[in-house]
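Everything below concerns the one structure shown next.
FYI, it's all coordinate maths here, none of it is from the lab. Everything numeric in this text was worked out from a predicted model, so none of it was measured. Cβ coordinates were reconstructed from backbone atoms using ideal geometry, including for glycine residues, and neighbour counts include every protein chain displayed.
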Amino acid sequence: MNEAVNRKDGKIALSHIAVAFVALFLGAIAGLLQTFVRSGEIELPAGIGYYQLLTAHGVLLGLVFTTFFIIGFLYSAISRTTGTLTNFSNKSGWLGFWLKTIGTSITTVMILLNKATVLYTFYAPLQASPWFYIGLTLVVVGSWVSGIGMFHQYATWKKANKGKASPLMSFMAVATMVLWLIATIGVAVTVLFQFIPWSFGWVDKINILLSRTLFWYFGHPLVYFWLLPAYMCWYVVIPKIIGGKVFSDALARLAFVLFVLFSIPVGFHHQILESGIDPVWKFIQIVLTFMVIIPSLMTAFALFATFELAGREKGAKGLFGWFKKLPWGDVRFFAPFMGMLIFIPAGAGGIINASNQLNQVVHNTLFVTGHFHLTVATSVALTFFGISYWLIPHLTGRTLTSKINKLGIIQTVLWCFGMFFMSGAMHTVGLLGAPRRTAFTTYGDHSVALSWMPYQTAMAVGGAILFVAILLMIYIVIYLAFWSPKGYEEYPIGEVNEQAEATPLFLENWKLWIGVSAILIILAYTVPVIDMIQNAPPGSPGFKLW
């Protein structure tokens, strides 16, 4: 494949990754200040509000950093495995990038001007400036345009290679964007038809329950939009780095299909305590939620099988001898592996959140915040960092040096250590009843609230360590992009194990899988949504409480 052409394609990926790390830095500053305020250590200057910081932190890290990094990574993967981007795919990539960047800029400015302090969930009846919602709309539309470019590239390859299974990474990229496009229909509908008319004053009131339901139709599959690119790295990239092979191409594809099917019609498990939704429909969606555990367990099995097979080929003996053969000194492996490892307690926390009885205990407490800091801010973030160590030098024509590799190991250890303090304290104090989404308060020096203070101080300590880790990561990214020695860094793509079963072509029947997904969504949402519209409460005007 022509490297000059690859460099041209790589500019799309590199531009997305650059915006992602700018968002990471800005969001981290907001997060650091949050933890200090929550612990009672500082008061914010210049009229900056705690909830303003909380909104910036959530939007910049939960939406901007992840979306830009993911789409940049997916573009690089599909270009690397299907060939040079078509003219249409290239133009779509750039148009999507600029739409998302403009939308992000508008949204961020509204937050910084304190005209959109509504948190990243933007729950009604809190009302932001209409430009905040318009900015979000541009981000979503831009992501759709980017996805269309990927679909065109994939379809072009399929047309030229009839009867063949597509490259595994391209298949995974398409599955991720299919999930994203279906999921974002919910947030697009609520923003376009509810929030924008309401915020402009064209309508007086908003149906709060419907708006939250449409948000969570999008909000939970958003988690899998974050996770699937990490799974791409775990399934395909890590085997190459450790000197092994992909355990099973078919199993990997089936896992991604199951994520597309079962990760969307499950939003009600975020609304277990929401009045106005019949318990039967909550039960149905909780059952579908637990179905998502199946592809996660399939992934765990495939990954550890890959590790063991690779270790035994290198002479490992005994039950766990393969563990010693893994390349612990290679940050390209170490950072994602720590993400995998931490996903075990993170996934267990997710089961708690999605269980009706257990959710009653942890609902709206800092336990939930600790949970998604393990999933998104650790499993996903560490994997994205691990990808960056080889992807950025690959795209810029440079190399990963031993010095940066060692700094990367330090950065990963710092991240895990900081998250141990912060997320561990969040989980514990959440079980003691400390609520989420609240600034510092002692509730009139109540004894229970005072008992939370040491844990909130531990959160601040963890946040400070994480901020140091982010500064180190930003330095590493800049070094890899501009200062690292010129050379060639491999794009690691694992080969499939020779003993693996052949991949059934029906796994790429997207008409079938999208159709099944649509049926599940219709089953899970049609009746309750109709009920929310037909039996809607009076609605609410907008409120600005900051």
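Amide H neighbours of Val246 under 5 Å, at least 5 residues apart or on other chains, H built in the peptide plane: list them.
Result for Val246 returns Glu495, Val496, Asn497.
For each of Val280, Val266, Val257, count neighbouring Cβ atoms within 10 Å of the residue's Cβ, then give the residues from fewest to most. The partial results should precede the final answer.
Details: Val280 9, Val266 26, Val257 23.
Fewest-to-most ranking of Val280, Val266, Val257: Val280, Val257, Val266.
Under 5 Å between amide hydrogens, which residues at least 5 positions from Thr365 or on another chain qualify, with H placed 1.01 Å from N in the peptide plane?
Under 5 Å from the amide H of Thr365 lie the amide H atoms of Arg436, each far enough along the sequence or on another chain.
Per-residue HN-Hα couplings for segment 295-309, Karplus 6.51 cos²θ - 1.76 cosθ + 1.60 at θ = phi - 60°, whole Hz, x for Gly and Pro?
x, 5, 5, 4, 5, 4, 4, 5, 5, 6, 5, 4, 4, 5, 4
List the aspartates and glutamates whose Cα lies under 12 Å from the Cα of Lys245, skipping any in the same chain that are fewer than 8 positions away.
Those aspartates and glutamates meeting the cut-off are Glu308, Glu313, Glu495, Glu498.
Which of the pairs Lys325/Lys403; Lys91/Lys162; Lys317/Lys406; Lys314/Lys406; Lys162/Lys486; Lys11/Lys164 have their Cα atoms more than 27 Å apart in this structure?
Lys317/Lys406; Lys162/Lys486; Lys11/Lys164
Average projected area of the Cα convex hull of segment 177-301, in nm²?
9.0 nm²
Kindly give Rg over Rh for segment 3-534, based on alpha-carbon atoms, with the Kirkwood expression for the hydrodynamic radius.
0.95
Compute the separation of the alpha-carbon centres of segment 113-175 and segment 247-317 and state it in Å as a whole number.
Here the answer is 22 Å between Cα centres.
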